[in-house]
Amino acid sequence: MKIGLKWIVSFSIIALVAIGGLFWNPATAIVNPDEFLSEDKIVGADVAWILAAAGLVLLMTPGLSFFYGGMVGKKNVISTMLQSFIALGVISILWILVGFSLSFGESLGFNINGNHYGIIGNPLSYPFFNGVGVFPHKAMASTIPFILFALFQMKFAVITPAIITGSFAERVRFISYLLFIVLFSLFIYTPLCHMVWHPDGLLNKYFGVKDFAGGTVVHMSAGFAALAGALVVGSRKAPHHEPSNIPYVLLGTGMLWFGWFGFNAGSALSASASAATAFGTTTIASASAMITWILFDRINGRSVSALGACIGAVVGLVAITPGCGFVSIQESLFIGFISAIVSNVMVNWKALKKIDDTLDVFACHGVGGIMGMILTAVFAHGENASLLHGGMEVFLHHMAALILVSVFTFFGSLLLYKITDSVITLRVSEESENRGLDLSQHEEYVK
């Protein structure tokens, strides 16, 4: 087998990172001791819960691989599953190297009337996790070790690019995909994460965006990147196929639903009433969306299917994510219901069908994230917290932020796909596509 230069370069990069970390000077980290509390401020119950929650969120990425892998054709099962699974390796290393610094490091941005609004973190804040220790951070995680906060957030960074893969499944070269997810994480995910979740972030501090667990940061960014990817890569030669393994989809959905409790309830960053609320709203929204999806399918002349039930459940999980800690159980029931209908309509919309988004990532994650962002701005509890609680300004700021995030993630991703394609061609050859990516990319196959 011929070994291309791209593989030698890739190996050289991981070798440089692995060896270079041994010689990196910890003194280069930009750490302000005044930002941290003493170790005695750590709350054991919070540590135990976030350790468990981080494990639950990690489980979501293998769950996603089963969810996607069961939906594609038999000759592309392994390649599709691996595209999700490999993010556990690539993004974890990137996160330690520079991703966490860009997301939660010293805020870089601009000042207006003496107020600082951050766009991205300083990449030299915590390189190789230097400075990310056991002391709690005053503003970001005041009862758990900062390293636990960093590792918990790493799982969100891992699953976001994995979600995108469903849009261009069955036709993208593996090495090109690896390059794209690195670029996406550096130039789309980390600035968006900083702007929404860092205390000085622009969307947080100025727009007041409420995103409890990642509806904007994770699902909207992945959804719009998926739409851009489907447009750039183009349609499959044979776009119609039968799902290879519905039991895989059911298994993946169960793993995702289970892991989502860590995703949402864990985002309270404490073993608290807020975590309990998020736990409850998460499961009710998903249950509501699942039942709504299959019944809506039936009244529109489609069969009640296991695939539909699974997609509906995931849409409910996506839609409740930004507001899970801010809304009531009753409101989560409605959020699941209405989001399932809107996403179902989008999945079956003929105009959107013309774009070969293989597994309807935009219609489910993108639209689900949009619905969640809007409905959080409608229902979030608290004085002047949302439209129904006197917060017209908050609602309008959410709508402005929605437009800003949509434009940034779609056109930014479009540019990154173009750059990736100019460096390493994105799409496999027609012959490789016909053989299937399992064989043509990995020399493996499902027996």
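The values are calculated or read from the model by the stated rules, or taken from the named source; none is laboratory data. These numbers come from a predicted model, not from an experiment. Quick reminder, even Gly has a Cβ in these numbers, built from the backbone with ideal geometry, and neighbours come from all protein chains shown. Ligands, DNA and RNA are excluded from the accessible area calculation, which covers all protein heavy atoms including side chains. Shrake-Rupley method; radii C 1.70, N 1.55, O 1.52, S 1.80 Å.
Quick notes
- Zone of residue 13's modelled label, taken as backbone nitrogen in region 408-445 under 13 Å from a point 7 Å along Cα→Cβ: 420-421, 423-424
- Only protein heavy atoms count here; under a 1.4 Å probe, residue 24 has an accessible surface of about 100 Å².
- Accessible area in the full protein assembly, largest first, 1.4 Å probe, for 98, 9, 77: 9, 98, 77
- In Hz, Karplus ³J(HN,Hα) per residue of region 211-219 (6.51, -1.76, 1.60; θ = phi - 60°; x = Gly, Pro): 9, 4, 9, x, x, 7, 5, 9, 7
- By accessible area with a 1.4 Å probe, ligands and nucleic acids excluded, highest first: order of 355, 291: 291, 355
- Shown are 388, 202, whose ranking by accessible area with a 1.4 Å probe and every protein chain present, most to least, is 388, 202.
- Ratio Rg/Rh [Cα only; Rh per Kirkwood] for the chain: 0.96
- In this structure the chain gives 40 Å² per residue of accessible area when probed at 1.4 Å with all protein chains present.
- A simple rule links phi to the HN-Hα coupling: the Karplus curve 6.51 cos²θ - 1.76 cosθ + 1.60 with θ = phi - 60°, which for region 183-193 gives 5, 4, 5, 6, 10, 10, 5, 5, x, 5, 4 Hz, with x for Gly and Pro.
- Remark on region 80-138: ratio of C-alpha radius of gyration to 2.2 N^0.38 Å is 1.44.
- Free of any GluC sites (Glu not before Pro) that DSSP assigns to a loop and that have at most 13 other C-beta atoms within 10 Å, the longest stretch within the chain is 1-382.
- Counting heavy atoms of the protein chains alone, residue 233 has an accessible area of about 20 Å² for a 1.4 Å probe.
- Cα shape, region 38-120, gyration tensor, a/c 1.5 rule: oblate
- Accessible area per residue was computed with a 1.4 Å probe on protein heavy atoms; residue 438 scores about 0 Å².
- Signed unit charges on C-beta, dipole axis of the chain, positive-most listed residue 311, 241, 368: 241
- Separation between Cα centres of region 396-447 and region 1-73, rounded to whole Å: 22 Å
- Scattering profile of region 279-364 at q = 0.12, 0.15, 0.19, 0.26 Å⁻¹ [log10 I(q)/I(0), Debye over alpha-carbon scatterers]: -0.33, -0.50, -0.76, -1.18
- Whole-Å distance, taken between Cα centres, linking region 110-176 and region 217-231: 18 Å
- Residue 447 versus residue 241: modelled label distance in nm, points set 7 Å from Cα along the beta carbon direction: 2.1 nm
- Sparse-neighbour loop sites [trypsin sites (Lys or Arg not before Pro); region 49-141; at most 15 other C-beta within 10 Å; DSSP]: 138
- All lysines inside 24 Å of residue 138 as judged from Cα atoms, apart from same-chain residues fewer than 8 positions distant: 41, 155, 205, 210
- Region 224-327: proportion of alpha-carbon pairs further apart than 16 angstrom, %: 65 percent
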